[in-house]
Each structure stands twice: as structure tokens, then as C-alpha cells.
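Chemist: Please see the structure below; I have some questions.
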Amino acid sequence: MVEQLFAVVGLGNPGRKYADTRHNVGAWVVEALAALVEGRGEKVVWRQKFNCNLANISLAGHKVILVLPQVFMNQSGAPVAAVCGFFKIDYSQLIIIHDDLDFAPGVVRIKQGGSSGGHRGVEDVMRHLGRGDFCRLRVGIGHPERQPNSGGEVSGAKKVVDVKDWVLSAPSREERMLLSDAVCRATDATCCIIEMGVLAAQQRLHAR
């Protein structure tokens, strides 16, 4: 097996104010990958470069750069492009992990290429890279217009919540449990992408 270099980017907003919000679930997955490596007894050292927190780890016999942009979500493109350019990351080895309103909380899906789906962070990455054929790992956070009311039913009586307020607020306790499980599955899926490729990882994850 030829050793390759991957970049795994967890999109989110910087600072403690946003750390526990739905919009930062991509960053949670990257942090979980770092914890996984540390659990094997390897030290993970973070450093700052290109407005990102970066760490070098090894997964499945490959070198991996963990990337946490330290800019607001809709400005993610420039830091990601700078990392890819400096480390000469082939876009086939770029994995972007982010939240997704189109999936229920806890759903994890792998997508290769395609549109941004309206996600501002992904949109900005595409704009700066000039392409969108990288791998995306999408973690569902649900949509405020499709959430159940207190009786567990979706109805017109539920409180209307603005999408921006939704993504920038913390999930409920029940959602957090679903998202914690999703982070574990997304961590496994990332390792599978690196070890076996996108198609194999899709078949393994989506079959569940």
C-alpha cells in the first residue's frame, strides 16, 4: 500500500460561544478523530497556520492532516484552499465534514462532489477551490420547520424557529444523544474512506 496524504476538515465557527452548537458538528468529528488517535497512546499536537488549527496524525497507514478552520463558517474557503495548496493535497484526498439541515439529527451520509446544498461553508470552499469534487461527510442536524412539537408530532402549532437561530443554538438533550452517536459513526466512516475509498465507505455506511 502506498502511503497517501489526506486532509480532514471539520467545518464550524470558532470560539467557545459556538463550540456546542449544531453548526459545529463537523468540528466535533475532527476532535473525535484526534481523541481516537490519543486513545491509541499517540500524542496529537495542534498548531496554528492559515487561520486553522492543524494536527498531523496517522490513520489506516496514511498520513492525515486534521483541519479546524478558525474563521466563521461562511469564510471557510480561504483557509481550506491555503492548507490544500501548501501541503499539495489532492482533492481526491480532501474530506470536508459538516452539518446538514436536510437530514434528521444523527443521520450520516457520504457524498462525492455535487452542489453545496445551500451550505454556506461548503459553498465558500467550492468557490475558493474552483471545484466541488471533494468528498463530503454530512451529519444531519434536522430542520427547524420539520421538528416535532412537545407531543412528538409535526404540526402547524409548533413554534417557528429561524434557520440561523437553529444552527447557532445547542441541540436538546435528546438530539445531543443522537448527534453523539452520529459523531462516532462519522469518525468510523472517515477512517473507512481513508482506508477503503469513498465508494466502499458509502456502501458500508449507507447500508446501515
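The values are calculated or read from the model by the stated rules, or taken from the named source; none is laboratory data. Predicted model, so just to flag it, every value in this text is computed and none were measured. Cβ coordinates were reconstructed from backbone atoms using ideal geometry, including for glycine residues, and neighbour counts include every protein chain displayed. Keep in mind that these areas ignore ligands, DNA and RNA; they rest on the heavy atoms of the full protein, side chains included. Shrake-Rupley method; radii C 1.70, N 1.55, O 1.52, S 1.80 Å.
Chemist: Got a number for carbon plus sulfur as a percent of the chain's accessible area, 1.4 Å probe?
Modeler: 50 percent
Chemist: Shifting gears a bit: Sort L54, L5 by heavy-atom solvent-accessible area, probe 1.4 angstrom, most to least. Write down the numbers at each step before the final one.
Modeler: Working: L54 0, L5 55 Å².
Heavy-atom accessible area, descending, gives L5, L54.
Chemist: Quick one: among D162, D188, D102, which has the greatest mean-square fluctuation in a GNM of the chain with alpha-carbon springs under 10 angstrom?
Modeler: Comparing D162, D188, D102 in the GNM, the peak value goes to D162.
Chemist: Here is a further query. At a 1.4 Å probe radius, which order do M177, M196, M126 fall into by accessible area, largest first?
Modeler: M177, M196, M126
Chemist: Could you work out the relative contact order of the chain, using alpha carbon pairs under 8 angstrom and six or more residues apart, expressed as a whole percent?
Modeler: For the chain, the relative contact order is 25 percent.
Chemist: Can you list the DSSP H helices in the chain whose Cα atoms extend at least 18 Å along the helix axis and whose mean Kyte-Doolittle hydropathy is -1.0 or higher?
Modeler: In the chain, the long hydrophobic H runs are 25-39, 173-196.
Chemist: Each residue of the stretch 130-143 in turn: what ³J(HN,Hα) in whole Hz from Karplus with 6.51, -1.76, 1.60 and θ = phi - 60°, glycine and Pro shown as x?
Modeler: Computed from phi, the couplings for the stretch 130-143 are x, 6, x, 8, 8, 8, 10, 10, 9, 10, x, 10, x, 10 Hz.
Chemist: Now, a different point. Loop-only GluC sites (Glu not before Pro) in the stretch 1-106, please: DSSP not H, G, I, E or B, and at most 12 other Cβ atoms within 10 Å.
Modeler: The qualifying sites are E3, E42.
Chemist: Just the accessible area per residue of the chain, please: how many Å² with a 1.4 Å probe?
Modeler: Accessible surface, normalised per residue, equals 50 Å².
Chemist: Using a 1.4 angstrom probe with every protein chain in place, what is the largest-first accessible-area order of C191, C84?
Modeler: Largest to smallest exposure gives the sequence C191, C84.
Chemist: Can you tell me how the stretch 20-103 classifies by the Cα gyration tensor, rounded, prolate or oblate, using a/c under 1.5 as the rounded cut?
Modeler: It comes out oblate by the Cα gyration axes.
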